[in-house]
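*Asks:* Okay, here's the structure, questions in a sec.
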Amino acid sequence: MKKLLLALIAAASPAAADVNTDAVMASRPPAHLSDFGFFDDLATMTPATGVTPYEIASALFTDYAEKQRWIYTPAPAPYSTEGALDFPVGAALIKLFHYGDNLIETRVLLHQEAGWKAYAYLWNADHTDADLKLAGADLAVDTPHGTISYHVPNVNQCKGCHVDNAGNFSPIGPKIRNLNVADQLQRFVTLGVLAEAPADAPAMPNYMDETVPLPERAAAYLDINCAHCHAPGHPADTSGLYLNWEEDRPVHRGIGKHPTAAGRGSGNLDYDVVPGDPDASIIVYRISSVDPGVMMPELGRTIVHAEGVQLIRDYIASLSE
């Protein structure tokens with residue numbers, strides 16, 4: 001079955017001649033990032049044929065790390081506005097985390113016959129290659145925001161954000177609304193990444209764009225940073241706090257809502273969101289904390305996203321009762 005699948009992938013796209021599809025589909029991930037063949041030149045991060053760079057409108061905050069992203073797919077993903085795009089078996093999503101010239105890690109999501117798998121590769125000191133880190137790693141990294149305790153997730157921690165309550169593992173960022181940046185969707189069609197790109201495709205804004213109305217910026221921030229858990233059918237479903245982009249019921253967005261089981265994470269506050277009062281709102285308390293028992297999101301950051309906190313404070317302050 002696997003040999004037949006690889007043959008079909010090779011026939012579907014010339015990209016298979018450059019990317020190591022055996023490595024993409026292997027049950028045991030290769031030891032080095034270079035083994036995948038995603039890049040013709042790792043020193044310059046020059047992608048191989050069929051590996052397409054992309055950007056998203058709003059990005060998950062990860063201790064101010066800069067990120068670059070690429071997609072490899074043996075066939076176009078069907079257009080859908082429901083969740084992340086359904087890339088075919090044999091596809092890969094590649095994301096580099098770095099601070100300027102200091103390359104930290106590259107995470108890969110591989111779509112295999114049994115579903116998606118996630119692995120982190122830690123760059124060596126010479127930046128000549130990145131090595132598989134199944135157990136993750138903790139690093140002291142000098143950044144423009146000071147020295148941070150950067151955390152590379154282990155395999156199980158990846159599941160904490162990417163797996164829904166039904167046990168389905170899926171990507172988070174590559175949704176149509178988040179990929180609809182400038183002419184990117186049409187470029188995807190031209191390059192064989194996406195089957196079609198309707199003119200009325202939904203779009204989510206960049207939450208850092210101050211020309212966008214404040215409620216939309218706040219909704220975009222909460223969607224990309226929180227909704228992988230706080231959405232129906234996801235790990236924080238029982239909280240009743242839904243922060244996904246589509247949610248429009250005020251109480252499920254936290255307005256006047258009592259927490260179900262926040263424990264000390266509530267900060268002795270009564271409501272998730274108190275219109276006009278950021279300091280009385282549990283959401284602000286939790287995104288402003290670095291206490292592991294309080295902070296939200298629970299993974300992905302070790303410091304406070306000052307700009308993000310200010311955005312949510314401004315949004316809540318703008319709400320009327």
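*Asks:* On the given criteria, is residue 54 farther than 21 Å from residue 180 by Cβ, buried (at least 16 other Cβ atoms within 10 Å of the Cβ) and aromatic (Phe, Trp, Tyr)?
*Replies:* Spelling it out, it is not the case that residue 54 is farther than 21 Å from residue 180 by Cβ, buried (at least 16 other Cβ atoms within 10 Å of the Cβ) and aromatic (Phe, Trp, Tyr).
*Asks:* Please report, ordered by residue number, the helices (runs of 4 or more DSSP H) entirely within the range 174-272 with at least 1 residues that are more than 18 Å from residue 76 (Cα to Cα) and polar (S, T, N, Q). Before you say what the answer is, go through the steps one by one.
*Replies:* Working: elements: 176-179, 184-191, 214-226.
Fully inside the range 174-272 and qualifying: 214-226.
*Asks:* For the range 31-44, which residues satisfy the criterion of being crowded, with 18+ Cβ neighbours inside 10 Å and part of a loop (DSSP other than H, G, I, E, B)? Full working, then the answer.
*Replies:* First, the residues of the range 31-44 that are crowded, with 18+ Cβ neighbours inside 10 Å: 33, 36-39, 42.
Those that are crowded, with 18+ Cβ neighbours inside 10 Å and part of a loop (DSSP other than H, G, I, E, B): 37, 38, 42.
*Asks:* Let me ask something additional. For the range 271-287, which residues satisfy the criterion of being more than 11 Å from residue 316 (Cα to Cα) and surrounded by fewer than 21 Cβ atoms within 10 Å (Cβ to Cβ)?
*Replies:* 271
*Asks:* Oh, and also: Is it the case that the range 263-278 has a residue that's farther than 24 Å from residue 320 by Cβ and of a type in the set (D, E, K, R)? Don't jump to the end; show me each part of the working.
*Replies:* The first filter runs over the range 263-278 and keeps only residues farther than 24 Å from residue 320 by Cβ, leaving 263-265, 268.
After this cut, where a residue has to be of a type in the set (D, E, K, R) as well, the list is 264.
The answer is yes, given that some residue of the range 263-278 is farther than 24 Å from residue 320 by Cβ and of a type in the set (D, E, K, R).
*Asks:* Is it true that residue 79 is touching a Ser or Thr at 6+ places or on another chain (Cβ under 9 Å), among the hydroxyl-bearing types (Ser, Thr, Tyr) and at pLDDT 95 or above? Break it down stepwise before answering.
*Replies:* On the way: touching a Ser or Thr at 6+ places or on another chain (Cβ under 9 Å): no; among the hydroxyl-bearing types (Ser, Thr, Tyr): yes; at pLDDT 95 or above: yes.
Here the answer is no, as residue 79 does not meet what is asked.
*Asks:* Any chance the range 152-167 includes a residue that's over 28 Å from residue 253 (Cβ atoms) and touching a helix residue (DSSP H, G or I) at 6+ places or on another chain (Cβ under 7 Å)?
*Replies:* No, the range 152-167 has no match at all.
*Asks:* So which residues in the range 240-262 are crowded, with 18+ Cβ neighbours inside 10 Å and touching a Ser or Thr at 6+ places or on another chain (Cβ under 6 Å)?
*Replies:* Selection gives 259 alone.
*Asks:* Go over the candidates 306, 262, 220, 280 one by one and state the one that is outside the structural domain of residue 137 (by TED's automatic domain parsing), modelled with pLDDT of 95 or more, over 23 Å from the mean Cα position of the chain (by Cα) and not polar (S, T, N, Q). Even if it seems obvious, please write down each step before you answer.
*Replies:* Working: 306 fails: over 23 Å from the mean Cα position of the chain (by Cα); 262 fails: modelled with pLDDT of 95 or more; 220 fails: over 23 Å from the mean Cα position of the chain (by Cα).
Only one candidate qualifies: 280.
*Asks:* Looking at residue 58, is it over 14 Å from the mean Cα position of the chain (by Cα), within 20 Å of residue 228 (Cα to Cα) and either at pLDDT 95 or above or among the hydroxyl-bearing types (Ser, Thr, Tyr) (or both)? Walk me through it before giving the result.
*Replies:* Values: over 14 Å from the mean Cα position of the chain (by Cα): no; within 20 Å of residue 228 (Cα to Cα): yes; either at pLDDT 95 or above or among the hydroxyl-bearing types (Ser, Thr, Tyr) (or both): yes.
Judged against the criteria, residue 58 is not a match.
*Asks:* Could you list, in sequence order, all residues of the range 299-311 that are surrounded by 15 or more Cβ atoms within 10 Å (Cβ to Cβ) and more than 22 Å from residue 147 (Cβ to Cβ)?
*Replies:* Once the filter is applied, which keeps residues that are surrounded by 15 or more Cβ atoms within 10 Å (Cβ to Cβ) and more than 22 Å from residue 147 (Cβ to Cβ), the range 299-311 yields only 311.
*Asks:* Separate question: Only residues that are within 21 Å of residue 42 (Cα to Cα), in contact with a Leu (Cβ under 8 Å, 6 or more places away or on another chain) and not hydroxyl-bearing (Ser, Thr, Tyr): list them for the range 98-119, please.
*Replies:* Applying the first criterion (within 21 Å of residue 42 (Cα to Cα)) to the range 98-119 yields 98-110, 118-119.
Add one more test, that the residue is in contact with a Leu (Cβ under 8 Å, 6 or more places away or on another chain), and what stays is 103-106, 108-109, 118-119.
The answer is 103, 104, 105, 108, 109, 118.
*Asks:* Follow-up. Being acidic (Asp, Glu), under 14 Å from the mean Cα position of the chain (by Cα) and at pLDDT 90 or above, is that true of even one residue in the range 186-202?
*Replies:* At the first step, the residues of the range 186-202 found to be acidic (Asp, Glu) are 196, 200.
Applying the additional criterion that residues be under 14 Å from the mean Cα position of the chain (by Cα) yields none.
No - not one qualifying residue is present in the range 186-202.
*Asks:* Kindly list the number of the only condition in (1) closer than 20 Å to residue 58 by Cα; (2) among the hydrophobic types (A, V, I, L, M, F, W, C); (3) without any contact (Cβ under 8 Å) to a residue 60 or more places away in the chain that fails for residue 299.
*Replies:* The failed condition is (3).
The values are calculated or read from the model by the stated rules, or taken from the named source; none is laboratory data. Here the structure is a predicted model, which is why all the values come from computation and not from measurement. Positions of Cβ are generated from backbone atoms using ideal geometry, with glycine treated the same way; all protein chains shown enter the neighbour counts.
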